[in-house]
Each structure stands twice: as structure tokens, then as C-alpha cells.
Amino acid sequence: DLVRRLADGAVEFVGRVDHQVKVRGYRIELGEIESVIGSVAGVRDVVALVHGDESRLLAFYVPASPDVELAARVRQECASRLPEYMIPADLVVVESIPLNANGKVDRAALAASVTGGGRVHVAPRTHLERQLADIWAQVLNLETVSVDDSFFDLGGHSISAIALVGALRTAGIPASVRDIFLHRTVAALAANLEAEQTPVEPAFQPVVPFALLDDADRAALPAGLADAYPIAQVQLGMLVKTMTDTERHTYHNVSAFPIHDEQPLVLDALRRAAQTVVDRHEILRTSFDLNGYSVPLQLVHAEVPIEVTELDLRGPDTEARMSAFMAAERANPFAPDEVPQIRVAGAIGEGNAWWFVLTMSHGILEGWSHHSLLMEILDNYRRLRDTGAPVPVDALPVRYADFVAAELAALTSAEDEAYWRGVVEHPRFALPAGWGAPDSDPQFQCGTRVPLHDLIDGLRDLASSTGTALKSVLLAAHLKVMSQLTGELVFTSGLVCHGRPEVTGADRVYGMHLNTLPIVHRGPAATWAELIRQTFDAELELWPHRHYPLPSVQRFTDGARPIEILFNYLDFAQVDTERVGFDDAVYEASSEFDLHVSTLDGTLSILSDPHVVSYPNVLRLGAMYRAVLEAMVADPGGDARVVCLPAGEVSVVLADGDGAVEPVSESVLAAVERQVTVVPSGEAVNGGTFAELDARAVVLGSWLASRGVSRGSVVGVLVDRSV
């Protein structure tokens with residue numbers, strides 16, 4: 001402590017001379033942080049400081065030379081060597097450390113670069129950085145973007161990355177979604193582009209209508225079509241499942257959204273809005289022919305009328321009548337040749353309240369398209385109601401047929417085939433036997449929701465500190481939970497991917513762009529931060545091969561299904577929650593997978609086939625996810641190899657599902673000595689008998705006693721980890 005003695009003899013505290021600070025109750029030596037960062041090869045100088053009343057830790061460092069991978073190495077070093085509370089919230093690259101008139105570090109000047117929002121704003125320094133920053137701000141709807149802000153920290157995700165890449169390519173900047181994942185800041189992406197000098201790719205050319213058909217199929221088409229092309233393999237699987245699953249109607253979905261409006265429902269405006277949107281999107285005018293051509297085809301009709309049903313929910317039993325309507329909709333799946341494969345209803349409530357109800361085939365829409373459709377209809381509804389005209393739009397330069405074309409190209413790729421053959425050589429994760437309900441129990445889906453709202457800020461900070469994305473953190477937690485349920489160190493589990501083309505407008509094309517594929521979990525990681533980075537790297541490895549359809553991957557497993565468990569990260573940022581009661585929306589849908597884990601808006605949801613995972617065991621799983629995520633947030637540098645179980649779970653695990661464990665009433669020594677007496681020739685460990693174990697223990701005990709070891713002495717034991 002630095003103090004001054006006053007004239008009256010009192011001692012006045014001035015400050016500290018060693019830069020020790022207090023953050024969130026922890027005393028932190030800033031020099032330790034500077035030492036860790038300064039030890040990274042490529043760092044010339046570094047200064048750590050605390051900013052603002054919130055005690056936000058920041059670190060500014062100067063690269064010794066241009067190095068696009070330096071930021072990742074700095075973050076990794078901090079994550080592996082510093083406790084969570086000492087990891088800087090922002091790691092900022094600067095050209096030099098400012099000095100004051102006395103030649104000392106000007107910490108005030110560094111702190112002044114922090115914006116009012118608590119983040120450090122670093123302005124673009126080159127023409128390329130200015131271009132990139134402007135495009136990032138436009139795509140992410142931000143006023144400004146610091147060149148050191150991570151794309152994911154700013155709210156980006158894989159679909160908005162496609163919009164970003166499309167805008168970059170339109171500006172003549174050669175970038176891919178993989179580049180955005182690897183080089184997550186404007187500065188890092190600019191440095192990589194300048195270092196790589198990647199040539200600009202030729203302008204994207206969408207598939208010409210009917211170009212994906214052979215002459216015979218083209219000649220056999222009926223009149224009135226705008227296009228026709230093969231059905232994607234996952235689409236086909238969904239359609240067949242809906243047709244054959246006559247009890248649950250899997251992949252036939254119904255959803256209802258409460259609408260917050262200042263006026264009562266105007267049904268005519270809703271009808272016109274729905275028709276406007278159907279006219280604009282090919283997939284909403286599509287039917288399917290499964291066996292009339294050389295391959296199953298989807299037929300895009302030039303004109304398709306859509307009916308909008310009016311449902312009056314005013315009066316008593318509102319909830320019961322809505323449930324009855326949705327049940328009737330669920331019981332009436334679409335035939336493949338029906339068009340459109342959606343139905344719309346407006347449900348009138350009391351006052352200005354009303355509900356938007358959508359029935360759809362999952363074969364034409366995935367979640368992002370579903371919720372984009374919701375908002376497009378609502379936007380046009382309001383515009384038509386208030387002005388009589390729809391919202392103007394520009395024609396998109398990309399179509400759903402381009403997704404199908406990418407799948408067809410992947411199926412001819414030797415590189416993609418070799419990759420997936422290699423993936424399925426790893427063991428497939430399988431849930432433990434005996435976790436399901438009896439076969440005599442009724443078939444239905446059971447599930448639970450695990451709230452994560454209190455952890456979400458910590459999870460986002462963890463994503464930022466590891467240079468990854470929130471999706472990677474949650475996926476890493478999922479794989480950790482799965483690893484606790486299997487003896488396999490390396491295994492595969494399902495990950496829902498999307499295959500939208502990396503071109504402008506692809507994020508606004510409706511369709512079924514999903515492909516659930518096996519991702520490889522490559523075994524235990526030393527720390528949570530390492531596990532997250534390992535998971536992120538696995539996502540990057542998979543990304544270029546995501547167009548290869550799951551049914552074709554199954555051909556490499558002798559017909560065995562490659563996955564039964566899937567993880568789905570959802571982000572429907574396009575939904576205006578001030579107009580749509582998103583939290584009160586009702587979804588009626590079912591999955592064909594044994595276990596379906598998804599995350600959305602701070603909630604982790606688990607759905608299961610109860611004959612594989614019963615409801616009580618679903619609750620156990622939910623508690624395990626919570627325990628793993630709490631451990632991650634508490635200490636990112638903590639041991640990720642430990643088994644994370646909720647309170648009370650250990651006794652259940654030890655009992656192997658046979659009820660509560662009896663309390664231990666004797667020591668291990670007493671239990672072993674009893675076995676020596678009862679079954680001396682029985683196997684004790686590693687093929688040795690209890691009698692042999694006892695004899696070796698006597699020899700070892702005598703030797704320890706000869707060295708002065710007695711009761712209460714501490715003896716170090718060196719054993720292999722597997723023991």
C-alpha cells in the first residue's frame with residue numbers, strides 16, 4: 001500500500017504500487033495477467049487494467065508482428081492458465097501502449113478507449129477494415145462495430161454468417177462462413193484476407209428452372225409448374241415418416257402464437273398477407289410426387305391459393321377450444337401431392353387479442369424458415385391492414401433448388417464420402433440400457449425444460465474468452481453429459497446442421513435446409529475451456545461436408561442408423577417479441593429420434609421416446625446438464641474430466657438403477673478382509689485373488705512400518721489414472 005503521513009500524524013491511503021485490484025470480491029494482481037499474456041509468443045507488450053464501476057478486466061497487448069492466429073493463442077493461454085475471475089473480458093490489440101509525460105503507462109488513455117456500453121471500441125485502421133466494419137454493422141443492424149468485436153459476441157450465428165458472407169462477396173471480398181468462424185473479428189478477418197490473397201470467386205449463378213431434371217422427366221411434367229427438381233433426401237425421409245407414422249404423425253407440426261396488437265384481427269388482411277407470402281416463396285407452392293418419375297420430385301406450382309380459417313375463441317373454455325383445434329389439425333397430415341403444404345388460421349380472442357396458427361409439413365420448412373414466415377405474414381398483415389399495400393421486396397438471387405443442387409454435388413464428391421466414412425468408424429453413442437419405461441407403457445414423447453437464464457451471461461463470457469460461440473459452449477456441455485453415460489472415450493452424436501448456400505439472400509429463402517449429422521467427440525479434455533475449443537474445432541471440421549445427406553451416410557454403416565440422439569441450437573432472433581408472445585407460443589410436434597436436446601433463449605429442452613428414456617430419467621438428464629453448465633461457468637479452467645452429477649445422483653448411479661444405496665457401515669479394509677475369509681480364491685483385482693491381495697498387503701504394510709509409517713501418517717500413492 002502507498003500512504004502519506006499528514007501533519008497531524010494520521011496516515012492517508014493513496015493507492016497500491018503493485019497494481020493489485022479487487023474484482024467481484026477477488027483480489028487480483030494485474031501483473032499476473034500481464035505475465036501470462038506476455039509469455040505468449042508474438043506478444044511484444046501488454047497492460048492489464050480495471051475499467052469502470054463494474055470492475056471490468058481489460059488487457060491491451062501489442063503484437064510483435066502481424067499474426068492472424070495470435071488473438072486465439074492469447075485467449076487460449078488465458079483460459080488455460082488463469083482462473084475464470086482473472087480472465088480479461090476484452091483482449092484488445094493496440095499498435096502501441098500509450099505513455100504519459102513521465103514515461104509511464106498512461107492507463108487513463110487506455111481506459112478512455114472503452115465505450116459507454118463497457119466494450120472497447122477500436123476504430124478501423126485500414127481501408128479493408130473500414131469496408132468490413134461497415135458490412136458487419138449493416139448485417140448485424142448495429143451503428144458501429146469495433147474491429148476487435150467478435151462476430152458471435154455481437155449476436156452473430158451461422159445463418160447471419162451466411163448473410164454476412166453474401167454481403168462480403170457482393171462487395172468483391174472473398175470470404176466464407178468458415179473464415180468468419182475462424183477469424184471472428186474485423187481485424188482478424190482483414191489480416192487473414194491480406195495474408196492469403198484469396199482470389200474473388202465467380203459470381204453465384206442460381207439453378208435455372210427445370211435444370212436438375214433429365215429430358216424424360218422434364219417432358220412428363222404437367223402444365224402449370226414454375227419448376228421441378230429432386231426431393232432432398234432428408235425431406236423425403238420426413239415425408240415417408242409422416243405417411244407411415246399414423247399414430248403420432250411425426251413431422252406434421254402445428255404452432256400457435258399469441259399476437260400483441262392494438263387492433264382486433266382483420267381476417268381479410270390476414271388472408272391477403274398469407275397469399276402475398278405464398279406467391280413470393282416457391283417452397284410454399286410445392287407438392288411432392290414420390291413415384292411418378294425416375295426420382296422422387298418436388299413440383300413448384302406457378303399459382304396456389306391459400307385459405308385462412310377463422311376461429312372464434314371468445315367466451316369460456318378458450319384454452320380447451322384451442323387445444324381441440326390444434327389436436328384436429330395434428331390429426332390431419334398433408335398428403336404428399338397436396339398444395340400448399342401449410343394451413344393458416346386466425347383465432348379471435350377477447351378485446352384485441354388474437355392468435356396466429358400455422359399447420360405445416362416439416363418437409364417444406366425448418367425452424368428458421370418457420371419463424372421467418374411468421375414474421376413476414378405479420379409484417380404484410382399490418383401493412384395491408386393499415387395501407388392496403390404489401391411490404392415491397394426485391395427478388396432473391398438464390399432459390400431452394402440451389403440447396404438441392406448442393407446436395408447432389410456433395411453426393412458425387414469423393415472428399416465428402418471419404419470424410420463421412422471416416423466419421424462412422426467411430427463408436428456411435430448409445431443410451432444406457434434399462435433407462436426406458438416398460439414396453440407396455442403408452443407411446444408418447446416426454447420431456448422437460450431446464451432454465452439457464454441465470455447462467456447465460458456467464459456462458460456468453462465463456463464463449464468470448466475461448467474465442468468460440470455460445471452454440472459451441474452448449475454443444476460441449478451436451479457432449480460432456482453424453483460422455484458420462486458411456487464407456488467410450490471417443491464417440492459420435494447427432495448435430496443439427498443447415499446447408500444454406502453461402503450467398504446473398506440465402507438466409508431469406510424458405511425451405512427444409514436441415515441435415516442432422518454425426519459429430520465426433522474426441523475424448524476428455526483437461527479443462528472446460530479446452531473442451532469448448534475442441535468442440536468448436538469439431539464443428540469447423542464438419543462444416544465443409546454438411547451438404548452430404550444423413551440417409552447416404554447411413555449407407556456406410558451397413559444400414560444401421562448413424563445417430564439416435566441429436567443436439568439442436570436454435571436462435572430465432574428475427575421474431576419481434578413485442579408483437580409476438582413468443583414465450584407463450586404453443587408447439588405441437590414430434591421427433592423420430594430417441595433423444596432430442598435443443599436450446600433456445602436461455603432454456604434447454606429435452607424430448608425423448610419414453611421406452612428409451614423414461615420421464616424420471618429425462619429429469620435426471622436435465623439435472624446433469626445443469627450441473628455441467630454450472631461447473632463450466634464457475635471455473636472455465638477447472639477439470640473437465642470430473643463427473644458432474646446433481647445432488648442425490650451419486651447414490652442412484654452406484655445402485656445402477658436398482659434403488660437407493662445402503663449406507664456404508666464398514667471400512668474398505670474390513671470388507672476386503674471379510675472376502676479373504678469367505679472367498680480367498682475369488683478374483684479381487686486384475687486377475688489376483690483375495691488371498692494374494694491380502695498377502696501382498698501384509699508385505700507392503702510391514703515395509704511401510706519399517707520406514708516409520710504408523711496410524712495417521714500421510715502416504716503418497718502413485719497410480720495410473722485408469723486405476
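The values are calculated or read from the model by the stated rules, or taken from the named source; none is laboratory data. Every value quoted in this text rests on a predicted model; they were computed, and no experiment measured them. Counting neighbours? That spans all protein chains shown, and the Cβs are built from the backbone with ideal geometry, glycine included.
Criterion first (touching a His at 6+ places or on another chain (Cβ under 6 Å) and among the hydrophobic types (A, V, I, L, M, F, W, C)) does Val481 satisfy it? Against the criterion (touching a His at 6+ places or on another chain (Cβ under 6 Å) and among the hydrophobic types (A, V, I, L, M, F, W, C)), Val481 does not qualify.
On the given criteria, is Leu411 surrounded by fewer than 16 Cβ atoms within 10 Å (Cβ to Cβ) and in contact (Cβ under 8 Å) with a residue 40 or more places away in the chain? Yes: the conditions hold for Leu411. Of the residues making up region 404-431, those that are out of contact with any Ser or Thr (no Cβ under 8 Å at 6 or more places or on another chain) and in a loop (DSSP other than H, G, I, E, B) are Thr412, Ser413, Glu425, Leu431.
Scanning region 439-457 for residues being more than 12 Å from Arg626 (Cα to Cα) and either assigned to a strand (DSSP E or B) or not assigned by TED's automatic domain parsing to the domain that holds Val633 (or both) gives a total of 3. Would you confirm, using the coordinates I've provided, whether Val254 is touching a residue at least 24 places away in the same chain (Cβ under 8 Å), buried (at least 21 other Cβ atoms within 10 Å of the Cβ), touching a strand residue (DSSP E or B) at 6+ places or on another chain (Cβ under 6 Å) and within 30 Å of Arg579 (Cα to Cα)? Yes. Highlighted here are the helices (runs of 4 or more DSSP H) found entirely within region 106-195 that include at least 2 residues which are under 25 Å from the mean Cα position of the chain (by Cα): 127-139, 158-170, 177-182.
Let me spell it out: the conditions are (1) in contact with a strand residue (DSSP E or B) (Cβ under 8 Å, 6 or more places away or on another chain); (2) modelled with pLDDT under 85, and Asp153 meets all of them except one. Which number is the exception? For Asp153, the exception is condition (1).
Considering the conditions (1) within 15 Å of Gly363 (Cα to Cα); (2) buried (at least 19 other Cβ atoms within 10 Å of the Cβ), Leu212 is excluded by exactly one of them, (1).
Selection of region 424-454 for residues being basic (Lys, Arg) and in contact with a helix residue (DSSP H, G or I) (Cβ under 7 Å, 6 or more places away or on another chain) yields an empty set. Residues of region 306-324 that are more than 33 Å from the chain's Cα centre (by Cα), within 30 Å of Gly237 (Cα to Cα) and surrounded by 12 or more Cβ atoms within 10 Å (Cβ to Cβ): Ile306, Val308, Thr309.
The rows are residues; the columns are (1) under 22 Å from Ala525 (Cβ atoms); (2) in contact (Cβ under 8 Å) with a residue 24 or more places away in the chain; (3) outside the structural domain of Ala525 (by TED's automatic domain parsing).
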{"residue": "Gly38", "(1), (2), (3)": "no, no, yes"}
{"residue": "Asp45", "(1), (2), (3)": "no, yes, yes"}
{"residue": "Val50", "(1), (2), (3)": "no, yes, yes"}
{"residue": "Tyr61", "(1), (2), (3)": "no, yes, yes"}
{"residue": "Pro66", "(1), (2), (3)": "no, yes, yes"}
{"residue": "Ala71", "(1), (2), (3)": "yes, yes, yes"}
{"residue": "Gln76", "(1), (2), (3)": "yes, yes, yes"}
{"residue": "Ser80", "(1), (2), (3)": "yes, yes, yes"}
{"residue": "Glu84", "(1), (2), (3)": "yes, yes, yes"}
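Residues being without any contact (Cβ under 8 Å) to a residue 24 or more places away in the chain, in a loop (DSSP other than H, G, I, E, B) and closer than 21 Å to Ile306 by Cα are represented in region 382-390 by at least one member.
The set of residues from region 293-348 being over 16 Å from Pro258 (Cα atoms) and of a type in the set (Asp, Glu) comprises Glu303, Glu307, Asp317, Glu329, Asp337, Glu338.
Scanning region 265-280 for residues that are more than 22 Å from Val398 (Cα to Cα) and part of a helix (DSSP H, G or I) yields Leu267, Asp268, Ala269, Leu270, Arg271, Arg272, Ala273. Can you tell me which residue in region 71-105 is farthest from the chain's Cα centre (by Cα), limited to those that are surrounded by 16 or more Cβ atoms within 10 Å (Cβ to Cβ) and part of a strand (DSSP E or B)? Per the stated criteria, the residue is Val105. Restricted to region 473-493, and to residues that are outside any loop (DSSP other than H, G, I, E, B) and among the β-branched types (Val, Ile, Thr), which residue is farthest from Glu649 (Cα to Cα)? My answer is Thr492.
Just one of the listed residues (Asp214, Asp179) is modelled with pLDDT of 95 or more and acidic (Asp, Glu), and it is Asp214.
Restricting attention to region 595-651, which residues are surrounded by fewer than 19 Cβ atoms within 10 Å (Cβ to Cβ) and acidic (Asp, Glu)? Of everything in region 595-651, those that are surrounded by fewer than 19 Cβ atoms within 10 Å (Cβ to Cβ) and acidic (Asp, Glu) turn out to be Asp601, Glu630, Asp635, Asp639, Glu649. Ala538 falls short on exactly one of the conditions (1) over 20 Å from Gly367 (Cα atoms); (2) crowded, with 22+ Cβ neighbours inside 10 Å; (3) modelled with pLDDT of 95 or more, and that condition is (2). When region 461-472 is examined, which residues are found to be assigned to a helix (DSSP H, G or I) and in contact with a Phe, Trp or Tyr (Cβ under 9 Å, 6 or more places away or on another chain)? Within region 461-472, Leu462, Ala463, Ser464, Leu470, Lys471, Ser472 meet the criteria.
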